[in-house]
Amino acid sequence: PEAVRYFQLAAEQGNVIAQYMIGGMYDAGKGVSRNQDEAAKWYKCAIEQGHELAKFALRLIYLNNSGTIIDITETLNQWRSLIDQGYVWDENITEGMSRLGRKYAIEGQTFCCG
């Protein structure tokens, strides 16, 4: 789609918002084939420029798709901190949190958000 092409061009030119958005497109498979490696690459580019939601989105990729154990408490604390800072959740983050919840439900694990 045309939107993907424009986001891709802007991301390649260093636009941090476009880097985050194209990462989200690959993360969710919106307008492109879902590709977690490509999503992570673009999130990392945005992170290098200080994009806070990209940090969280990348963390969700690792939590949802790797065998690496990442501290869920630290992730939830980061989530709360971003909310406290006034970040608005977009579709990328909402979907990532949903996948995380499904993963823990399927694996029979629980965590508490106290």
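Remarks
- Whole-number percent relative contact order across segment 18-68, with pairs defined as alpha carbons under 8 Å at least 6 apart: 29
- Once the chain from GLN36 to SER81 is taken as fully extended at 0.36 nm per residue, the excess over their C-alpha distance is 13.7 nm.
- Spin-label proximity, TYR6 to segment 18-60 - amide N less than 15 Å from point 7 Å beyond Cα toward beta carbon: 18-19, 21-22
Read-outs throughout are calculated quantities, based only on the coordinates presented, and are distinct from any laboratory measurement. All values derive from a computational prediction rather than experimental measurement. Reconstructed Cβ throughout: ideal geometry from the backbone, glycine too, with neighbour counts over all protein chains shown.
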